[in-house]
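The values are calculated or read from the model by the stated rules, or taken from the named source; none is laboratory data. In this text the structure is predicted, and so the values were computed from the model without any measurement. Here the Cβ positions follow ideal geometry from the backbone for every residue, glycine too, while neighbour counts run over all protein chains shown. What goes into the accessible areas is simple: the full protein's heavy atoms, side chains included, and nothing from ligands, DNA or RNA. Shrake-Rupley method; radii C 1.70, N 1.55, O 1.52, S 1.80 Å.
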Amino acid sequence: MDYFKPLLWIVCYRPPEPEQWQALSALLKARFEGVCSAAVVQNRYDKPAVSYCLWGEIPPENIVVEAGAKFKVQLEGRQNIGYFMDMAPQRQWLGERIDGRRVLNLFAYTCAFSVAAAQAGASEVLNVDMSKSALRQGQVNHGLNGLDSGDCKLRFGAWDVMRSWGRLRKAGPFDVIICDPPSRQAGSFDAEKDYAKLIRRLPDLLAPGADLLMCLNAPYLPDAFLQDLMAEHFPGAEFQSRLPGRTDFPEKDPERALKVLHYCWPG
């Protein structure tokens, strides 16, 4: 459950037990109906995912705000809404060390990292994602924040990352690379099969002294999976730390949580 003021957003990954769901629905209404204008439920287990309201109505346009930045979210018609609030600490971390630097945002989706970088003074950001619709939403996000005509040079490439190394080399080198691929997406990327191939290509894209944010959102793969791949295929990259997640996103098992590793490349 996420709170996108004034909406409550609830995702069910499997069908709930009827009695449990009835009790939870009653509890939510008693606690939040006077606070939230609507409670939107997405049944992720339906194909395609179906959204409906416990109460209220889904507004025609939904904008969420994170540290002053605006992002458009879409609560109907697709599985992911276009914004992941669990990455907020990583976007803040990026903004503290991005001024004047050139950024490559791989698997950019709707470009939330790019918005954070441009707001914090990045000189250039190249956003790359296979999904043209996601990048269009990313362009909307930049426009919502007045960044489409700012000092940061913004580029959007609707490319298959794994088949675009020539383009990326010509566009580089980059001072920061953000790598946030899907854990397993048919026709795009499978972390277990493809992450090693991606890592081997990174040295050709980096400027000396570059920072890398390597992300892994696969609960079935531990932190060591990514660290071992980096050690084997990019030994020149120096591990710095695993960035902490949100304190209000507690995980029973940290190894199943989102993993974001910071590396530096001396060059």
Any chance you could give the angle, 0 to 90 degrees and rounded to 10, that helix 18-32 forms with the longest Cα principal axis of the chain? 90 degrees
Carbon and sulfur atoms: what percent of the 1.4 Å accessible area of segment 114-177 do they account for? 44 percent
As a test question: what accessible area, to the nearest 10 Å², does SER123 have when a 1.4 Å probe is rolled over all protein chains in place? 50 Å²
In Å², nearest 10: area of GLU238 left accessible to a 1.4 Å probe: 90 Å²
For LYS197, LYS259, write out the residues from largest to smallest accessible area, computed with a 1.4 angstrom probe and no ligands counted. LYS197, LYS259
Angle between the chain longest axis and helix 223-233 axis [Cα atoms, degrees, rounded to 10]: 20 degrees
Test of understanding: what is the full-extension gain from GLU96 to LYS252, defined as 0.36 nm times their sequence separation minus their Cα-Cα distance? 53.2 nm
Test item: Cα-centred dipole of the chain, Lys/Arg +1 and Asp/Glu -1 on Cβ, debye: 660 debye
Let me check something: with ligands and nucleic acids excluded, how do THR247, THR110 order by accessible area (1.4 Å probe), largest to smallest? THR247, THR110
What FRET efficiency comes out for GLN20 versus GLN79 if R0 is 25 angstrom and r is the Cβ-Cβ distance? Round to the nearest 0.05. 0.60
Debye equation applied to the C-alpha atoms of segment 1-116, log10 I(q)/I(0) at 0.09, 0.16 Å⁻¹: -0.31, -0.84
Any idea what the dipole of segment 33-93 comes to, in debye rounded to 20, about its Cα centre with Lys/Arg Cβ at +1 and Asp/Glu Cβ at -1? 260 debye
Here the FRET efficiency for ARG201 versus VAL65, based on Cβ atoms and R0 = 30 Å and rounded to 0.05, is 0.25
Using only alpha-carbon positions, what ratio does the radius of gyration of segment 154-267 give when scaled by 2.2 N^0.38 Å? 1.08
Just the accessible area per residue of the chain, please: how many Å² with a 1.4 Å probe? 51 Å²
With N residues in the chain, Rg(alpha-carbon) / (2.2 N^0.38 Å) equals 1.05
Taking the chain and counting helices only, DSSP H stretches of n ≥ 4 at -39,500 (n - 2.57) each over all residues, the nearest-500 ellipticity at 222 nm comes to -8000 deg cm²/dmol
Subtract the Cα-Cα distance of TRP165 and LYS29 from 0.36 nm times their separation in residues, and report this length gain in nm to one decimal. 43.9 nm
Helix 132-144: inclination vs the chain longest Cα principal axis, degrees, rounded to 10, gives 80 degrees
Assuming a ≥ b ≥ c are the square roots of the Cα gyration tensor eigenvalues, decide whether segment 87-195 counts as rounded (a/c under 1.5), prolate (otherwise, with a/b larger than b/c) or oblate. prolate
What Kirkwood hydrodynamic radius do you get for segment 132-205 when you take the inverse of the mean 1/r over all pairs of distinct Cα atoms, in Å? 14.2 Å
